[in-house]
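Quick notes on the structure that follows.
The values are calculated or read from the model by the stated rules, or taken from the named source; none is laboratory data. Quantities reported herein were computed from a predicted structural model and do not represent experimental measurements. Quick reminder, even Gly has a Cβ in these numbers, built from the backbone with ideal geometry, and neighbours come from all protein chains shown. Heavy atoms of the whole protein, side chains included, go into the accessibility calculation; ligands, DNA and RNA do not. Shrake-Rupley method; radii C 1.70, N 1.55, O 1.52, S 1.80 Å.
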Amino acid sequence: MNDLPLSSTVWNEAEWTTLIQDLRMTDQPADDVAHSIDVTELLIPDKAAAYLHTLQDIYESDSLPLIASMFAKRYSYMIVAPSLYAMTMFGKGLRITPDNCRVESIFKGDIWLPHLRVQQKDALLLHDADSTSVTCDITNTYEITNSCSADESQQQHAPEHAQQVPLNEAQRDAYLHTIFADHLQPVWNSLSKAAGVSRAILWENTAIYVYYVYETMLSDPSYDYNRQRIEEDFAYLKGSAAASLFGERWNPVSRFNTPKRPLPGSDTPRRVRQTCCLYYQSADDAAYCSVCPKREA
């Protein structure tokens, strides 16, 4: 457990709107209770197994290893996308401890896209309080305020007079520990026991979304005002971040960061996975993913 205390602060409306509208969070309970669950229940293997059984109709399979892997993809994005985006772009963090989180079942058409709902909605300050933040002046905001317009947030990532988000390395480590070692590691450990699926598969499912979040920002010129911070955080996660921040003997973001290379049917180079996500088991006619290591076995 990382004992460095993180100070509580607030979100402004533009920040909170981005998390809710763009990064698969919600502030409302879902109507679909059957496929929703408190994260604390996922920490108990028997309850995690029971929950995976409820997802059989969604994934049209009775294979718990397959369901656990497919669920881990949705879950990984739901956790890492808003929490890492908030850290890098706002200099703030979500209270991401399991006891503060719930999976809310939401469908977009026929596609199941579970959303994260947090009970305590305050933000964690990840830089010195007197540092200049990229977002609106927090001294003029209150929790989920209207000090910045949501329309402006959607039109551009950089607010007027934007400056790079400040960095405090010790606070970053403390926050990353809450995301990975305190949250994802025990959830993956429980799902692994419940479904008999390798933790390595679940961690690689996590790593691909860490890459996705940062590579998406780096490819978008509208984020250039904060490019140095994006590059620093991404390089740290896939490089020197200690294994202890992930609760493992190895850093999964570093371990699965294989060089991208050209692949048949892809216009851009891609990473070939080191583990198979089991997608090919999802239907009798399902093929291996284009980045599946089994294609080259």
task = Looking only at the range 210-217, decide whether some residue is over 18 Å from the mean Cα position of the chain (by Cα), closer than 30 Å to GLY91 by Cβ, open to solvent by 50 Å² or more (accessible area, probe 1.4 Å) and not aromatic (Phe, Trp, Tyr).
result = no
request  = Write out, first by first residue and then by second, each pair whose Cβ atoms fall under 7 Å of each other, whose residues are 6+ apart or on separate chains, and whose first residue, in the range 175-195, is of a type in the set (Gly, Ala, Ser) while the second is open to solvent by 10 Å² or more (accessible area, probe 1.4 Å) and not in a helix (DSSP H, G or I).
outcome  = ALA181/GLY247; SER190/LEU43; SER190/ILE44; SER192/SER198
query = Do any residues in the range 209-231 that are under 18 Å from ASN257 (Cα atoms) have Cβ atoms under 7 Å from those of residues that are outside any helix (DSSP H, G or I), where the two are at least six apart or on different chains, and which pairs are they?
reply = none
query = Looking at SER290, SER254, which one is open to solvent by less than 60 Å² (accessible area, probe 1.4 Å), hydroxyl-bearing (Ser, Thr, Tyr) and either in a helix (DSSP H, G or I) or in contact with a Cys (Cβ under 8 Å, 6 or more places away or on another chain) (or both)?
reply = SER254
task = Tell me which residues, restricted to the range 30-46, are open to solvent by 50 Å² or more (accessible area, probe 1.4 Å) and in contact with a Lys or Arg (Cβ under 8 Å, 6 or more places away or on another chain).
result = ASP38, GLU41
query = Just one of the numbered conditions (1) surrounded by 14 or more Cβ atoms within 10 Å (Cβ to Cβ); (2) within 18 Å of THR258 (Cα to Cα) is not true of ALA235; which one?
reply = (1)
query = Is it true that GLU204 is touching a residue at least 24 places away in the same chain (Cβ under 8 Å), of a type in the set (D, E, K, R), open to solvent by less than 50 Å² (accessible area, probe 1.4 Å) and part of a loop (DSSP other than H, G, I, E, B)?
reply = no
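Yes or no, residue by residue, for (1) touching a Leu at 6+ places or on another chain (Cβ under 7 Å); (2) open to solvent by less than 10 Å² (accessible area, probe 1.4 Å); (3) part of a loop (DSSP other than H, G, I, E, B):
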{"position": "ALA14", "(1), (2), (3)": "no, no, no"}
{"position": "GLN28", "(1), (2), (3)": "no, no, yes"}
{"position": "ALA48", "(1), (2), (3)": "yes, yes, no"}
{"position": "LEU52", "(1), (2), (3)": "yes, yes, no"}
{"position": "ILE58", "(1), (2), (3)": "no, no, no"}
{"position": "MET70", "(1), (2), (3)": "no, no, no"}
{"position": "TYR75", "(1), (2), (3)": "no, yes, no"}
{"position": "PRO82", "(1), (2), (3)": "yes, yes, no"}
{"position": "ALA86", "(1), (2), (3)": "yes, yes, no"}
ask   = Of these, GLN164, GLN185, which one is open to solvent by 30 Å² or more (accessible area, probe 1.4 Å) and in a helix (DSSP H, G or I)?
value = GLN185
